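Enquirer: Input: one structure, supplied below.
The values are calculated or read from the model by the stated rules, or taken from the named source; none is laboratory data. The shown structure was predicted, so the numbers you read here are calculated from the model rather than taken from an experiment. Methodologically, a virtual Cβ is constructed for each residue, glycine included, from the backbone with ideal geometry; neighbour enumeration extends over all protein chains shown. For the accessible areas, the whole protein counts, side chains as well, though only heavy atoms, and no ligand, DNA or RNA atoms are used. Shrake-Rupley method; radii C 1.70, N 1.55, O 1.52, S 1.80 Å.
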Amino acid sequence: MSQRAKIIWTAVISVVATFLVTGVLYLTVGSGILGRMLYVSDGSTFQSPLLDEVKAYLETFYMGDLSEEEMVYYAAKGMAASTEDPYTRYYTPDEFEEYMDSNIGAYVGVGIVLTATTDTNELVVVTPYEDAPGDKAGVFPGDIIVAIDGQAYTGEDLDEAADVMRGADLANAAGTQVTLTLRRGGETFDVVLTREEVHLKTVNAEMLDGGIGYMRIISFDGDTDVEVENALNTLLASGMNKLVLDLRDNGGGDYNTACGVAGKFLDEGDLIVYTEDKNGKREEEYASGKMTDCELVILINGGSASASEVVTGALDGNGRAKAIVGTTSYGKGITQNIYQLKNGGGMSITVDYYYTPTGECIHEKGIEPDVEVSLGENEDKPSTTLTYEEDLQLQKAVELLQQ
């Protein structure tokens, strides 16, 4: 598996999404996991003689302390894990509160997206979010994180490292500090970050030569569609008539937001995406009207997943993209519902597949580019770290738009 493909497991240290807290909360994705948010309670119970027997033996013979509450939590986690689906999970009340807090518009952390290298099994910075603590302290894309607060971490410790960086075990992490030991080139040095409430900027845009605009979407969070609209207005006012839409290393995000972004490039009534559950129930999403007719090329790679694939599939399926350039996307074509449980915990459960407008399910297949372009010796670098001279995929996209 390439480093690009592993981006779906990226630890997004600072995440923003916006929920409409009604009887049913709207579609959301945490850390690239496409899903819906629902509250349910059916009052059913589950009893198991085996669990009772295991509990009795532990209480009778185990010499250490036991917590019945913790035993129940781990049993619940085991039940979810028995599905062998990495997206179906049980969250304890504390974990679920943390999960929800990370998706309500602001997040206390350091604003760094991490992934793991495949060749050296190290933690590497994909991007520091603009104006977040990492960015302000001078952390760069491509920096290797050697240690956190003096403790060494490897790529296998990605989730744990993410928790430590954002201060997950602290009652109030805002204002506290964390020291990162970074390696950049041949130099190793420390930077001290002060955790704070981070408001993410998920869209970067600029004009290239020849009336070509460039827009990178880092993730699909609650305000991303608004950011895209503002960026499009700025680019169009600057004379843009063609666009490179860069979705590389975008591990996903909010489903509704992704549909809203896709809709800005589609005619009203165009089918964006549809889902089907185990009973064959189908739900469809349609565009409400586009902002621009400009010719566009989409950039994807193995780190383009979930909501990124919804957008790519929607634009490709409606013939809106001149070409898709890069390498095959990750291939996450399933969605999850998030349920709050009576004890304050929660569950994420895979409930359906989603399909492109042409009826294709891309799960475990991904979306293949029209023009496959590798990055050669730079293949394992995060796309955010590439110069234009190194970025053969961006060069090809520009070339196609110039034809």
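Enquirer: Among the residues of segment 168-198, write down those that are touching a residue at least 12 places away in the same chain (Cβ under 8 Å), over 28 Å from Tyr99 (Cβ atoms) and either in contact with a Cys (Cβ under 9 Å, 6 or more places away or on another chain) or open to solvent by 60 Å² or more (accessible area, probe 1.4 Å) (or both).
Expert: Of everything in segment 168-198, those that are touching a residue at least 12 places away in the same chain (Cβ under 8 Å), over 28 Å from Tyr99 (Cβ atoms) and either in contact with a Cys (Cβ under 9 Å, 6 or more places away or on another chain) or open to solvent by 60 Å² or more (accessible area, probe 1.4 Å) (or both) turn out to be Arg183, Arg184, Thr188.
Enquirer: A follow-up question, please. I'd like to verify a number: residues in segment 228-257 that are at pLDDT below 95 and either open to solvent by 10 Å² or more (accessible area, probe 1.4 Å) or in a helix (DSSP H, G or I) (or both), how many?
Expert: Residues flagged as at pLDDT below 95 and either open to solvent by 10 Å² or more (accessible area, probe 1.4 Å) or in a helix (DSSP H, G or I) (or both) within segment 228-257 amount to 5.
Enquirer: For segment 327-343: of the residues being of a type outside the set (S, T, N, Q) and crowded, with 24+ Cβ neighbours inside 10 Å, which is modelled with the lowest pLDDT?
Expert: Within segment 327-343, the match that is modelled with the lowest pLDDT is Ile338.
Enquirer: How do the strands (runs of 3 or more DSSP E) wholly within segment 279-326 filter down when requiring 1 or more residues that are open to solvent by 20 Å² or more (accessible area, probe 1.4 Å) and either without any contact (Cβ under 8 Å) to a residue 60 or more places away in the chain or in contact with a Leu (Cβ under 9 Å, 6 or more places away or on another chain) (or both): which remain?
Expert: 282-286, 295-300
Enquirer: How many residues are in contact with a helix residue (DSSP H, G or I) (Cβ under 7 Å, 6 or more places away or on another chain), at pLDDT below 95 and in a helix (DSSP H, G or I) when one looks only at segment 201-227?
Expert: 2
Enquirer: Next question. Looking at segment 118-148 only, could you name the residues that are assigned to a loop (DSSP other than H, G, I, E, B) and touching a Ser or Thr at 6+ places or on another chain (Cβ under 8 Å)?
Expert: Thr118, Asn121, Glu122, Tyr129, Ala132, Phe140, Pro141, Gly142
Enquirer: Does any residue of segment 99-117 turn out to be acidic (Asp, Glu), in a loop (DSSP other than H, G, I, E, B) and surrounded by fewer than 17 Cβ atoms within 10 Å (Cβ to Cβ)?
Expert: Checked segment 99-117: no residue is acidic (Asp, Glu), in a loop (DSSP other than H, G, I, E, B) and surrounded by fewer than 17 Cβ atoms within 10 Å (Cβ to Cβ).
Enquirer: Which residue pairs have Cβ atoms closer than 7 Å, lie 6 or more positions apart in sequence or on different chains, and pair a first residue in segment 210-229 that is under 22 Å from Asn241 (Cα atoms) and basic (Lys, Arg) with a second residue that is part of a strand (DSSP E or B) and open to solvent by less than 20 Å² (accessible area, probe 1.4 Å)?
Expert: Arg216/Asp246
Enquirer: Do we find that Lys381 is open to solvent by 10 Å² or more (accessible area, probe 1.4 Å), assigned to a loop (DSSP other than H, G, I, E, B) and in contact with a Ser or Thr (Cβ under 9 Å, 6 or more places away or on another chain) in this structure?
Expert: No.
Enquirer: To continue, here is another question. Please go through (1) open to solvent by 30 Å² or more (accessible area, probe 1.4 Å); (2) in contact with a strand residue (DSSP E or B) (Cβ under 8 Å, 6 or more places away or on another chain); (3) within 19 Å of Glu122 (Cβ to Cβ); (4) at pLDDT 90 or above for Met165 and return the number of the only condition it doesn't satisfy.
Expert: Condition not satisfied by Met165: (1).
Enquirer: Pairs under 8 Å by beta carbon, first residue farther than 30 Å from Tyr87 by Cβ in segment 230-256, partner aromatic (Phe, Trp, Tyr), six or more apart or different chains?
Expert: Taking only residues 6 or more apart or on different chains, the pairs are Leu243/Tyr214; Val244/Tyr214.
Enquirer: Name the single residue that is least open to solvent (accessible area, probe 1.4 Å) among those in segment 344-359 being under 20 Å from the mean Cα position of the chain (by Cα) and among the β-branched types (Val, Ile, Thr).
Expert: Thr356
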